[in-house]
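The values are calculated or read from the model by the stated rules, or taken from the named source; none is laboratory data. Here the structure is a predicted model, which is why all the values come from computation and not from measurement. Note that each Cβ is placed from the backbone with ideal geometry, even for glycine, and that neighbours are counted across all protein chains shown. Just the protein is used for accessible areas: all its heavy atoms, side chains included, with ligands, DNA and RNA removed. Shrake-Rupley method; radii C 1.70, N 1.55, O 1.52, S 1.80 Å.
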Amino acid sequence: MIPLSWYLIFSAALFSIGLFGVLARKNVIGMLMGVELMLNAVNINLLAFWSYLYAGVNGLVFVAIVFVAAAAEVAVGLALIISIYRRKRTVVPDEVDGLRG
Amino acid sequence: MTINDLNTILPLVVLAGWSVVVLLADLWIPKDRKGWTAALSAVGLVVVLGLTLARGGTVQKAFFGTVLVDGFALYLDIIFLVGGLAGIALAYDYLKRMELERGEYYPLLLIAISGMMLMTYANDLIIVFLALELLSLPLYIMAGFARFNLQSEEAALKYFLLGSFASGLVLYGVALLFGASGHTDLPGLVNTMRAGTGNQALFLFGAALLLVGFSFKTGIVPFHMWMPDVYQGAPSPATAFMSVGAKAAGFAALMRVFVTVFPSLSDDLTPILWALAAITMVVGNVLAISQKNIKRLLAYSSIAQSGYLLMAFVPYANAEVSSDSIAAMLFYLLAYTLTTFGAWAVIIQMEQQERRGLEVADYAGLGKRHPWLGLAMTIFMLSFTGVPLTLGFWGKFYLFSTAVEGGFVGLALIGLLTSVVSAFYYLRVVVVMYMQPGDPPVKQNRWVNLTALLAAAVVVGLAFIPGSVLDLALQAVLQLQ
């Protein structure tokens, strides 16, 4: 059987990739994908803990809630991105820089 | 789920249900009558405020202990609901004037308040996360409410990206805490911490991630980068509401989770909190000096206020001081709420089409042409600085005294020095208002005026009875533990 630590290392790696994506990508869509990777890394983490250590419903309920919250977040995020794209024809935040000071 | 569970969180149920009703009813309200939507929402808030007060602060649990209603929740809920009423009063005329009048604004505000109230009830980290999302998502939309204005959209996008990033960090922290103990509920986590059975490394890492996530929400340096841009870009009433609501909710979560669960991690966390508080006070106040735009000025001021709040939170694990420290923070949050809404009410009356009237220089002559508004703005600036005879003075007084009581004299000294620095930029606004000639165009509206004058009156009035307000806050805290 695959040991728990492998799952944890995998999810930590996935989380780090997501983190890197948010911080380093220039494209908003890429940044959004990074956020989603972070959330899904958390889900893997929760499920691994749930199935190896703590049987119960807590872990499962939490994963379901994270799914829903992530979906709502993407809906708002994509709406904002589309709205900006219509106006500026770009999805690169560095090119949308009206706020300075 | 039983009917008792629903009864325990009745105010929240009514508020969330009402927001949906208003959202639907708004479809049948004609475009030029959006005042009805605002009125409906305000009525809902008043009813919920009544229900909240009627229930009082008796401790009740519901939904298998995931939700806990107590005096702490009562105190903060009153702040959120009154803040919501002020938010509607500020928004109505502004949205009409700026041709943003769309009914969704008010239901979104109600949903955000539901999230904030849920945050105060949270007795389980799952609920903390859910409440965080419920309050953040409407605020992202409200920040971008001026859709045809690129600055507003940019603000919303920045807020959204950093906010969801912060949610991800909080979530990873919760997952690690779950892994360390097998619990997401706060009592279960407390028991595991006390027994010392959990994995300490995971606990510490999880707590640190939670701290970073909440720091984003409350605007603590170095996680504050989004605040000036979002405050400047968002429509002013939305800025006013989020600067109070998001901050108070973030601190509510920080207080509830850290004071109950993590006292035993204080050896590791206290130096971090100390450094964060010190750097936030210094950076917020120093960067505010060079701001010319009043919205950005208040954004940096809001960062600095977070620093003062966090300063009182540093001795959170010291059992003798922690209740005083929480009470001082609750007191300060009240003072901050009143002062902030008042100041934004003045700013909203000064703001003209296409974002004119937002420079500090535009306030020249306000004190002579509109003496009442000038007086109100002076009171708010003095309260932010912490000058005696205002509520802000007592707020800072209690914050500093708990920091000293907890043995952090150096930190209190930094706070005192940065307060002196802050007097420079707050009083500059007053000087411009009274000493420089000018005739600023002011768009008076009775609701906005009422908010400004009422807030000014309360900021001065409550300053004469700070003891009884602090008693209220202390009672709220007694039930927290």
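Under 5 Å from the amide H of residue B:359 lie the amide H atoms of B:294, each residue being 5 or more positions distant or on a separate chain, with H modelled from the backbone and absent for Pro and chain starts.
For residue B:158, the aspartates and glutamates whose Cα comes closer than 18 Å to its Cα, not counting residues fewer than 8 places off in the same chain, are A:36, A:73, A:94, A:95, A:97, B:133, B:229. Charges were assigned to the Cβ only: +1 to each Lys and Arg, -1 to each Asp and Glu. The resulting dipole of chain B about its Cα centre is roughly 960 debye. Dipole orientation for the protein assembly as shown: of the candidates B:425, B:329, B:412, B:425 has the Cα lying most toward the positive pole (charges on Cβ; Lys, Arg +1; Asp, Glu -1).
Given +1 on the Cβ of Lys and Arg, -1 on the Cβ of Asp and Glu, and no further charges, what dipole in debye does the protein assembly as shown carry about its Cα centre, rounded to the nearest 20?
Details: 32 positive and 31 negative charges, 264 e Å.
Using Cβ point charges on Lys, Arg, Asp and Glu, the protein assembly as shown gives about 1260 debye.
A cut-off of 5 Å between modelled amide H atoms, ignoring neighbours fewer than 5 places along the same chain, links residue B:145 with no other residue. Taking the Cα centre of the protein assembly as shown as the origin and placing charges on Cβ (Lys, Arg +1; Asp, Glu -1), which of B:73, B:115, B:468 is farthest toward the positive end of the dipole? Of the options given, the answer is B:115.
What's the buried accessible area, both sides, between B and A using a 1.4 Å probe, rounded to 100 Å²? Intermediate values should be presented prior to the final figure.
Working: alone 17750 and 7340 Å², together 21430 Å².
That pair of chains buries around 3700 Å² in total.
In a simple Cβ point-charge model (Lys, Arg +1; Asp, Glu -1; nothing else charged), the stretch A:4-95 has a dipole of about 380 debye relative to its Cα centre.
Of all accessible surface on the stretch A:4-95 at a 1.4 Å probe, what whole percent is carbon and sulfur? If you can, show how the numbers build up before the last one.
Working: 3420 of 4770 Å².
Result for the stretch A:4-95: 72 percent of the exposed heavy-atom area is carbon or sulfur.
Rounded to the nearest 500, what is chain B's calculated 222 nm mean residue ellipticity when only DSSP H runs of at least 4 contribute -39500 (n - 2.57) each, over all residues?
The helix-only estimate for chain B comes to -26000 deg cm²/dmol at 222 nm.
Expressed as a whole percent, the accessible area of chain B that falls on carbon and sulfur atoms is 70 (1.4 Å probe).
Counting only heavy atoms of protein chains, what accessible area per residue, in Å², does chain B have with a probe of 1.4 Å? Intermediate results must be reported in sequence, preceding the final value.
Numbers: 15950 Å² over 481 residues.
Heavy-atom accessible area per residue stands at 33 Å².
Give a quick list of trypsin sites (Lys or Arg not before Pro) in the stretch B:298-383 that DSSP marks as loop, anything other than H, G, I, E or B, with at most 13 other Cβ atoms within 10 Å. Walk me through the numbers on the way to the answer.
On the way: sites: B:355, B:356, B:368, B:369; in loops: B:356.
The qualifying sites are B:356.
FRET efficiency for the residue A:10 to residue A:72 pair, using the beta carbon distance and R₀ = 30 Å, is estimated at 0.70. For residue B:443, a cut-off of 19 angstrom between C-alpha atoms picks up these lysines, skipping any fewer than 8 places away in its own chain: B:96, B:295, B:368. What is the helix-to-structure angle for B:200-218, meaning the angle in degrees between its Cα long axis and the longest Cα principal axis of chain B, kept from 0 to 90 and rounded to the nearest 10? Approximately 10 degrees, to the nearest ten. Each of residue B:356 and residue B:4 was given a label point 7 Å from its Cα along the Cα-to-Cβ line. The distance between the two points is 6.4 nm.
Measuring with a 1.4 Å probe in the full set of protein chains, what accessible area per residue, in whole Å², belongs to the stretch A:4-95?
On the way: 4770 Å² over 92 residues.
Per-residue accessible area for the stretch A:4-95 comes out at 52 Å².
Under 5 Å between amide hydrogens, built in the peptide plane, is the criterion, and for residue B:185 it picks out B:125 among residues at least 5 positions away or on other chains. Given their separation in residues at 0.36 nm each and the Cα-Cα distance between them, residue B:58 and residue B:147 gain 27.7 nm when the chain is fully extended. Modelled this way, with points 7 Å down the Cα-to-C-beta line, the labels at residue B:36 and residue A:25 are 4.4 nm from one another. Under the combined filter of DSSP loop state and at most 15 neighbouring Cβ atoms within 10 Å, the stretch B:1-80 retains these chymotrypsin sites (Phe, Trp or Tyr not before Pro): B:64.
Relative to the longest principal axis of the Cα atoms of chain B, the long axis of helix B:125-143 lies at roughly 10 degrees. Contact residues in the stretch A:39-63 (at least 50 Å² less accessible area with all protein chains than alone, 1.4 Å probe): A:42, A:49, A:54, A:58, A:62. Can you tell me the 0 to 90 degree angle between the C-alpha axis of helix B:391-405 and the longest principal axis of chain B, rounded to 10? Between helix and principal axis, roughly 30 degrees. Cross-link partners for residue B:31 among the aspartates and glutamates, with Cα-Cα distance under 18 Å and sequence neighbours closer than 8 places in the same chain left out: B:93, B:99, B:101, B:104. Looking at the stretch B:243-334, the trypsin sites (Lys or Arg not before Pro) that sit in a DSSP loop and have at most 12 other Cβ atoms within 10 Å of their own Cβ are B:292.
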